[in-house]
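Report on the structure given below.
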């Protein structure tokens with residue numbers, strides 16, 4: 001009898017093990033304009049038998065492709081998506097501090113939005129060409145700098161079903177481009193964010209209305225910039241701070257949005 005019970009337990013444990021996620025991750029090299037870029041692919045191999053799955057592009061904040069961006073990609077993979085963390089800056093370009101990050105991000109934010117769009121499009125293309133990805137069900141999310149990047153990607157008319165900006169900049173030098181939008185748009189914004197002031201939010205709303213886009217804007221009270229970033233500190237008076245409640249709610253909002261659009 002003891003042997004029978006032991007055998008049953010072993011079989012049950014094997015079944016549990018098979019049901020558990022089998023996360024696979026790897027570095028992926030791709031190019032844009034002759035520049036080598038190095039992204040991060042993550043997926044759950046236990047879902048491979050289910051056929052082609054939606055792919056989600058993840059665009060980093062101004063520090064570049066770091067471990068925290070990779071963790072977001074892994075979290076998406078655990079939800080059943082194939083996630084690809086983009087590299088906007090280029091292979092080996094990883095700012096060491098905020099001053100360096102501001103300088104690097106400024107090349108794209110204030111300098112060359114066209115290049116920012118092209119880098120985002122190159123990453124989306126790499127994701128779409130990944131084995132197991134359903135090219136007709138692509139989405140993109142981004143944080144801070146990356147939030148602005150995925151909105152710029154959508155403004156190009158790229159074949160992406162949905163984009164989600166987490167405390168990203170909402171401005172654009174070419175708001176009329178929004179008329180080419182194909183994506184459903186979700187902007188998740190800290191209501192007290194000093195870096196994305198009311199004027200910028202109002203301009204974004206006007207842009208979306210003029211484009212007759214399918215868009216949503218959620219403002220989180222008592223939240224400033226970087227509310228999803230655990231490394232941002234806890235002092236809102238600094239303009240950026242982690243807010244665990246807003247982090248949780250925004251992640252859930254993204255999931256509901258993807259269930260509807262993908």
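Given the conditions (1) under 30 Å from residue 179 (Cα atoms); (2) free of Cβ contacts under 8 Å to residues at least 60 places away in the same chain; (3) not in a loop (DSSP other than H, G, I, E, B), and given that residue 213 satisfies all but one, which numbered condition is not satisfied?
It fails just one condition, (3).
Out of (1) surrounded by 12 or more Cβ atoms within 10 Å (Cβ to Cβ); (2) farther than 21 Å from residue 151 by Cα, what's the single condition that is false for residue 246?
(2)
Determine, yes or no, whether residue 227 is in contact with a strand residue (DSSP E or B) (Cβ under 8 Å, 6 or more places away or on another chain) and part of a helix (DSSP H, G or I).
no
Return the pairs, sorted by first residue and then second, in which the second residue is surrounded by fewer than 14 Cβ atoms within 10 Å (Cβ to Cβ) and part of a helix (DSSP H, G or I), the first residue lies in the stretch 178-203 and is at negative phi and modelled with pLDDT of 95 or more, the beta carbons are less than 9 Å apart, and the residues are 6+ apart or on different chains.
184/260
Only one of 83, 75 is surrounded by 15 or more Cβ atoms within 10 Å (Cβ to Cβ) and either within 17 Å of residue 147 (Cβ to Cβ) or in contact (Cβ under 8 Å) with a residue 60 or more places away in the chain (or both); which?
So the residue among 83, 75 that is surrounded by 15 or more Cβ atoms within 10 Å (Cβ to Cβ) and either within 17 Å of residue 147 (Cβ to Cβ) or in contact (Cβ under 8 Å) with a residue 60 or more places away in the chain (or both) is 83.
The values are calculated or read from the model by the stated rules, or taken from the named source; none is laboratory data. For clarity, every value in this text was computed on a predicted model and none was experimentally measured. Virtual Cβ from ideal backbone geometry, glycine too; neighbours counted across all protein chains shown.
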